[in-house]
Every structure is written in C-alpha cells, then in structure tokens.
Amino acid sequence: MAVLLLAEVNNGELALDATAKAVTAARALGDVTVLAAGASAAAAGEAAAKIDGVAKVLVAEDASLGHRMAEPTAALIVSLAGDYSHIVAPATTDAKNVMPRVAALLDVMVISDASGVVDADTFERPIYAGNAVQTVKSLDTTKVITFRTSTFDAAGEGGSAAVETIGAADNPGLSEWVEDKVAASDRPELTSAGVVVSGGRGVGSEEDFALIEKLADKLGAAVGASRAAVDSGYAPNDWQVGQTGKVVAPELYVAVGISGAIQHLAGMKDSKIIVAINKDEEAPIFQVADFGLVADLFEAVPALTDAL
Amino acid sequence: MKVLVPVKRVIDYNVKVRVKADGSGVDLANVKMSMNPFDEIAVEEAIRLKEADKADEVVVVSIGVKQAQETLRTALAMGADRAILVNAADDVHTDIEPLAVAKILKAIVDEEQPGLVLAGKQAIDNDMNATGQMLSALLGWSQGTFASELDIDGDKAVVTREVDGGLQTIKVNMPAIVTVDLRLNEPRYASLPNIMKAKKKPLDEKTAADYGVDTSPRLEVVKTTEPATRAPGIIVGSVDELVSKLKEAGAV
Ligand SMILES: Cc1cc2nc3c(=O)[nH]c(=O)nc-3n(C[C@H](O)[C@H](O)[C@H](O)COP(=O)(O)OP(=O)(O)OC[C@H]3O[C@@H](n4cnc5c(N)ncnc54)[C@H](O)[C@@H]3O)c2cc1C
Ligand SMILES: Cc1cc2nc3c(=O)[nH]c(=O)nc-3n(C[C@H](O)[C@H](O)[C@H](O)COP(=O)(O)OP(=O)(O)OC[C@H]3O[C@@H](n4cnc5c(N)ncnc54)[C@H](O)[C@@H]3O)c2cc1C
C-alpha cells in the first residue's frame, strides 16, 4: 500500500519533529511518499528525504502554495490522490485546515487526531477531550488521516529517498494571505519540548508570567498556558495547552496556578511526569499530578527556580 | 446578507463523560446536553453582524435527534431569526459524521443562498474539527478556519486565524465558510423575555431524506474504551522535597 504524507513546511523549512512523528505512524501502513509543498519547499524536501522510512519525496513549489493556504494545497493533494491508499499528515493546525477539505473532495471521511494505528483500516482516536478512546474502522477506499504527534516517537534520520519535483494544481483563487504574526522565541517549540512549564489564571497578570518564564528558562523548557491565562491576556494564544489548544506529552510538565479543568487535562495528561503547584489542595490538577505542592506560587516558583 | 449557523447539540462541557462498560460508546442517557460552546460563539457573531447591519437574517440549523430543537430554541433566544431542524437520528447515541452533515448543509445552502456560513471550529464531543472545511470543499467556497477575528468588507472577509505558530490573517472571497475559535467573542445569555419570544419563532422540520443524503457512517466504531489512568501521585511538603523527588525520578 502507498501512503502520501503531507510534510509540515513553514516558510520553506521542514518542521522535522512533527513530520518525523507522522512518518512513524505512516510507516505501519505502507511505502511513504512525503509531499513538501510551499512557495519554497526544496530545502524542506531535501530534509524530509533524510527521515528514516521515507521512500520518496515530492516537492511542489509555487507561490500559491505559500503560507499553507487550504484551497490550493487541497487541490494539489487531490490531484495526486489516485496513487495512494492513505493520505496523512501530522495533526497541526495547518493539516487540520487542509485535510478535511481533501477528504470531502474525495468523498471520504477524515479521521482527525488519530493516536494509534491498529491496522491499515483501523485507528484509535481520543474523543470527548480525551475522556474516551474510540477505535474506528474506515470503510472508505482512501483513508485521510491526521496523526496526533504527541503519541508517536519521531522517526530517526539516515534515509536518502529520491526527490522529484512536481507542479502545483490550478489555484482556485478563493483566498489570499495577508500576514503571519509569529512571536520569535529562543525557547523550544511547545509540542516537541522535553519539558513544559505552564501558567494559569492563578499567575494573575502578564507581568507575573515572567515567573513562569524564568522557571522555564532554568529548565530549558517551553512555556504553556491555560485558556484562562490566554483569555486574560497573560500569554499569547499559541501557548494554550488543551482540548482546543496544543496537545503535549513532555517528559516533565509543570502546571502552576492551573486548576485542572478536563479541557486543560486533555492537552497534557499523557506527560510522563506531572508537577502541580496550586494553593488550593482540592484543585483537580492534583488528581493527575505525580508530585503536588500545595503552596502560593509567588513563593514556591521563585524558590523552585533558585533551587534547581 | 443571510448568515447560516450550524449548531450541534452535545454533552455539556462540564459533564464528566462515562464510557459504557460494554465498550459500545459513551453514556449519553440522562446527562445534561447543551449547545456546542463553539457554536454559541458562531451564533453570537452572526447576531453581531446583524446588529451592525452587515447581515439581515440569521438562520440556525441542527442535524441530529429531535431533542436538538432545544439547542435551536437557545439560538433563537440569543437572537437568531429562524431555525431548521433536520431529523437524522432517533437514538441520542447516534451521531452523524461530518461528511454527511456537510452534505446536508450543502443542500440547505443551495436552498437558502446565505452569503456566509459561520460554524464552530470543532464539536467538543467528537473533536473532529472537520465539518466547516468539508462544507467549504463541497461548495467550492473559500474557508477561513479557527477565526479569532472576522471583518466583513463587501465581497471579501478578513479572517484572523489561531494557528500553531501564532496568528495568521487571510482575506477570503465571499461567500465563505468561517469556523470560529474561542476568542472571537463572548456569547450573550438569552434573557427571559427573549426565551419566551423564541418559542414563537419559526422552526422548520426536515429529514435527511428530504435532502437526498445518505447518512450511513463511513467510520465503523469498533469499540470505545476508557483512556489509560495515571498511577496516583504524592503531595510533597516543600520546594526542597519537590526538587529531590524530581532528581530521584531523573526529571531534572
Ligand atoms: C469548549 C471549551 C474548550 C476549552 N479548551 C481549553 C483548552 O484548550 N485549554 C485550557 O486550558 N482550557 C480550556 N477550556 C477552559 C477550561 O474549562 C478552564 O476554564 C480553564 O482551563 C481554567 O484555567 P485555569 O486553570 O488557569 O484557571 P482557574 O480554573 O481559574 O484556576 C486557577 C487556579 O490557580 C490557583 N491559584 C490562584 N492563585 C494562586 C496562587 N497565588 N498560588 C497558587 N495557586 C493559585 C487556584 O487555586 C486555581 O486552582 C475550555 C473550555 C471550553 C468550554
Ligand atoms: C471515530 C468516530 C466514529 C464515528 N462513528 C459513527 C458511526 O458509526 N455512526 C454515526 O452515526 N456517527 C459516528 N460518528 C459521529 C460523527 O462522525 C461525528 O462525530 C459528528 O457528527 C460530527 O463530528 P464532530 O461533532 O466532531 O464535528 P466537527 O467537525 O468537529 O464540528 C464542527 C462544527 O460543525 C457543525 N456541526 C457538526 N455536526 C453538526 C450537526 N449534527 N448539526 C449541526 N451542526 C453541526 C457545528 O457548527 C460544529 O461546531 C463517529 C465519530 C467519530 C469521531
């Protein structure tokens, strides 16, 4: 069986971690062809060719494919679909934008956020904010799937797949890109970081979020936030962890001033070790914490930062 | 311009779901159901467009069991003008897949000719995050997903989207499908007089067959299980104890 995997390409660069995790999931299904599409994608294609388990790379470069616009990207994938039994991608916001569109154009269902592969037709996926896991068998001829990256290990490097250049499909011309607002940061990327320190409403202000950032920097960690912290303007939207934010599963997750609503737990409860710091001993976050500290965060966090 | 808003009846977000012991699904009998929180935001946005004279009618649609009437009445009480209920299932445990929902919505769009469809980004039960994109594909319309800002300007809409890297702004041709994220607005509560008024607003009932759509699932549910549970943890007495436990566990 043949699998087409849409690589995550940002401004011409391959998002290696997300793509390599999806390769691990896809290898179980058949020979993997990676599609690197973008206004510039050749370098991303070369990088993808080195991922273990990739059989072939297709590079499509065209201005219309820049900025991951859904309509031209979906049109390109649909034009290639005939050769593949599975069309897959890491479950990033870009893929979640594109893949359901691809599925509908092919008249098949999409399987979003699959967390496990049972066989070529059967997949596991979390539902109800991760409070249940459903095993579904697809009856469609072509399977369109996004894989939840936090549950697959990244494939290694050492491959040397052939790279082929292809053209874009006709641009339906339905939308145009205006701008990206991306905060530059030296910290690790949230979904691939080994350690994540997250702050919640308990942190109280944007200024005091510096406490969270200091602890994160001491640990070499990415910074996360609860929805309440983002809604209150303490942290930017791309830091949100949870059902409707990012799903993370680091070695260590430190939740500070976060109560532990199910929608937040949905995004972090598969972390290896969870630490919770909260002044309310009844806070539900303690039910998933390996190590809980009942304390005022304004004392405990600086003390922890110093002690590490 | 007419705005169409699909609203889904889902388990209330505060309810802790229980997986049925026989693995057949999640227990939805006698649990509190509400409008999908994202759809409340979509309804709110549609009403605000009407209040700003950018829309002249807000039509809400729900596809599912008869009880979805309540969800539609909630939307009418918030300020929507009329509702369409598509009866597509008898059992509250039956859910219609996004592809079939999108096909029914396409037929409704063909009939109603809205200039904008505002849907939720995802439904909090199945978390598929698919219906809006699928509808957009079937109609050949533009899509602006995960919107945290929406500005309609004649035959274009400027949509700011919440994406992994931060925010992306795009301009889409109208008519368009926009799926809404949590930070687009804060939905209003319906007032008691408006709840009373909503009872008199028109609610049309249809069936999936009226639209010639086959709703049989493409994904067969093999089983539904509880997620793995975590081993219980401990409460530490001090920052120092926390640090030594983390060191013992090799976490720092
Ligand atoms: C459809 C939907 C989707 C959602 N998606 C998400 C999501 O993706 N991610 C998400 O996080 N949430 C999400 N939510 C919101 C979620 O339900 C909670 O409202 C949110 O997670 C609460 O954030 P919080 O824990 O920071 O705030 P709170 O619940 O207000 O908790 C603050 C905590 O801080 C503690 N605290 C206060 N002061 C101190 C102090 N000085 N020292 C120590 N502790 C202190 C308090 O004891 C409390 O436990 C969603 C909700 C809905 C309806
Ligand atoms: C793995 C899996 C297997 C399934 N198997 C079956 C099955 O065997 N049989 C079956 O009948 N169902 C099945 N379902 C249910 C069905 O596929 C969908 O879950 C459901 O109808 C729509 O998915 P969603 O709610 O996640 O939609 P999303 O795409 O997340 O919803 C986004 C938005 O679309 C709109 N919307 C979605 N549904 C409706 C609706 N019904 N009415 C109005 N607006 C709506 C809302 O605006 C909503 O916010 C299955 C679901 C999953 C996840």
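The values are calculated or read from the model by the stated rules, or taken from the named source; none is laboratory data. What you see is a predicted model; the values in this text were computed from it and never measured. Ideal geometry is used to build each Cβ from the backbone, glycine not excepted, and the neighbour counts take in all protein chains shown.
Any residue at all in segment B:137-146 that is in contact with an Asp or Glu (Cβ under 7 Å, 6 or more places away or on another chain) and more than 15 Å from ligand 2 (Cβ to nearest atom)?
Checked against the condition, which is being in contact with an Asp or Glu (Cβ under 7 Å, 6 or more places away or on another chain) and more than 15 Å from ligand 2 (Cβ to nearest atom), segment B:137-146 yields at least one hit.
Among the helices (runs of 4 or more DSSP H) lying completely within segment A:1-117, list those that include at least 1 residues that are modelled with pLDDT under 95 and aromatic (F, W, Y).
So the answer is none; nothing clears 1.
In segment A:95-110, which residue that is more than 7 Å from chain B (Cβ to nearest Cβ) and either within 16 Å of the chain's Cα centre (by Cα) or of a type in the set (V, I, T) (or both) is surrounded by the fewest Cβ atoms within 10 Å (Cβ to Cβ)?
Ranking the qualifying residues of segment A:95-110, first place goes to A:A95.
Looking for something touching a strand residue (DSSP E or B) at 6+ places or on another chain (Cβ under 7 Å) and within 8 Å of ligand 1 (Cβ to nearest atom) - is there at least one such residue anywhere in segment A:232-244?
Within segment A:232-244 (the criterion being touching a strand residue (DSSP E or B) at 6+ places or on another chain (Cβ under 7 Å) and within 8 Å of ligand 1 (Cβ to nearest atom)), the answer is yes, since at least one residue qualifies.
I need the full set of residues from segment A:251-308 which are away from ligand 1 (no atom under 13 Å from the Cβ), among the hydroxyl-bearing types (S, T, Y) and closer than 23 Å to A:R148 by Cα, in order please.
A:S271 - this is the single residue of segment A:251-308 that is away from ligand 1 (no atom under 13 Å from the Cβ), among the hydroxyl-bearing types (S, T, Y) and closer than 23 Å to A:R148 by Cα.
Select from segment A:169-188 the residues that are modelled with pLDDT of 90 or more and at the interface with chain B (Cβ under 10 Å from one of its Cβ atoms) and list them in ascending order.
A:P172, A:G173, A:L174, A:S175, A:E176, A:W177, A:V178, A:E179, A:D180, A:K181
Every residue in segment A:31-44 that is surrounded by 24 or more Cβ atoms within 10 Å (Cβ to Cβ), touching a residue at least 40 places away in the same chain (Cβ under 8 Å) and within 16 Å of A:A155 (Cα to Cα), please.
A:V34
Within segment B:177-197, can one find any residue that is touching a Ser or Thr at 6+ places or on another chain (Cβ under 7 Å) and surrounded by fewer than 20 Cβ atoms within 10 Å (Cβ to Cβ)?
Yes, segment B:177-197 contains a residue that is touching a Ser or Thr at 6+ places or on another chain (Cβ under 7 Å) and surrounded by fewer than 20 Cβ atoms within 10 Å (Cβ to Cβ).
Considering only segment A:118-134, how many residues are facing chain B (nearest Cβ under 8 Å) and not in a strand (DSSP E or B)?
4
Would you call B:T215 within 11 Å of chain A (Cβ to nearest Cβ), within 25 Å of the chain's Cα centre (by Cα), touching a residue at least 12 places away in the same chain (Cβ under 8 Å) and under 30 Å from B:A77 (Cβ atoms)?
no
Among the residues of segment A:194-208, is there at least one that is under 19 Å from the mean Cα position of the chain (by Cα), within 11 Å of chain B (Cβ to nearest Cβ) and surrounded by fewer than 23 Cβ atoms within 10 Å (Cβ to Cβ)?
Yes: one or more hits.
(1) within 12 Å of chain A (Cβ to nearest Cβ); (2) under 21 Å from B:M35 (Cα atoms): which one isn't true of B:G237, the others all being true?
For B:G237, the failing item is (2).
Given the residues B:L116, B:L49, B:L139, which is the only one that is surrounded by fewer than 22 Cβ atoms within 10 Å (Cβ to Cβ), within 19 Å of B:D181 (Cα to Cα) and more than 15 Å from the chain's Cα centre (by Cα)?
B:L49
Pick from A:V248, A:V288: which is touching an Asp or Glu at 6+ places or on another chain (Cβ under 9 Å) and of a type in the set (A, V, I, L, M, F, W, C)?
A:V248 is the lone residue from the list that is touching an Asp or Glu at 6+ places or on another chain (Cβ under 9 Å) and of a type in the set (A, V, I, L, M, F, W, C).
If you take the residues of segment B:1-24 that are more than 16 Å from ligand 1 (Cβ to nearest atom) and over 20 Å from B:A77 (Cα atoms), which of them is farthest from the other protein chains (Cβ to nearest Cβ)?
Top of the filtered list is B:M1.
Okay, residues lined up against (1) among the aliphatic types (A, V, I, L, M); (2) farther than 17 Å from A:V248 by Cα:
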site: A:V98; (1), (2): yes, yes
site: A:V102; (1), (2): yes, yes
site: A:I111; (1), (2): yes, yes
site: A:G116; (1), (2): no, no
site: A:A129; (1), (2): yes, no
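Here's the yes/no breakdown for (1) out of contact with any strand residue (DSSP E or B) (no Cβ under 6 Å at 6 or more places or on another chain); (2) within 29 Å of A:P284 (Cβ to Cβ); (3) within 16 Å of ligand 1 (Cβ to nearest atom):
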position	(1), (2), (3)
B:V117	no, no, no
B:G140	yes, no, no
B:V158	no, no, no
B:D164	yes, yes, yes
B:A176	no, no, no
B:T179	no, no, yes
B:L192	yes, no, no
B:T224	no, yes, no
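Return yes when A:A161 is more than 18 Å from the chain's Cα centre (by Cα) and not charged (D, E, K, R) and no when it is not.
In short, yes.
Only residues that are more than 8 Å from chain B (Cβ to nearest Cβ), among the β-branched types (V, I, T) and either in contact with a Lys or Arg (Cβ under 6 Å, 6 or more places away or on another chain) or in contact (Cβ under 8 Å) with a residue 40 or more places away in the chain (or both): list them for segment A:284-308, please.
A:V301, A:T305
Among (1) within 14 Å of chain A (Cβ to nearest Cβ); (2) modelled with pLDDT of 95 or more, which single condition is B:Q69 missing?
(1)
Yes or no: B:D27 free of Cβ contacts under 8 Å to residues at least 24 places away in the same chain and away from chain A (no Cβ under 14 Å)?
In short, no.
Quick one: which of A:A28, A:A47, A:A60 is surrounded by fewer than 21 Cβ atoms within 10 Å (Cβ to Cβ), away from chain B (no Cβ under 14 Å), touching a residue at least 24 places away in the same chain (Cβ under 8 Å) and of a type in the set (A, V, I, L, M, F, W, C)?
The match here is A:A28.
Would you be able to tell me the number of residues in segment A:135-153 that are in a strand (DSSP E or B) and either modelled with pLDDT under 95 or more than 7 Å from chain B (Cβ to nearest Cβ) (or both)?
5
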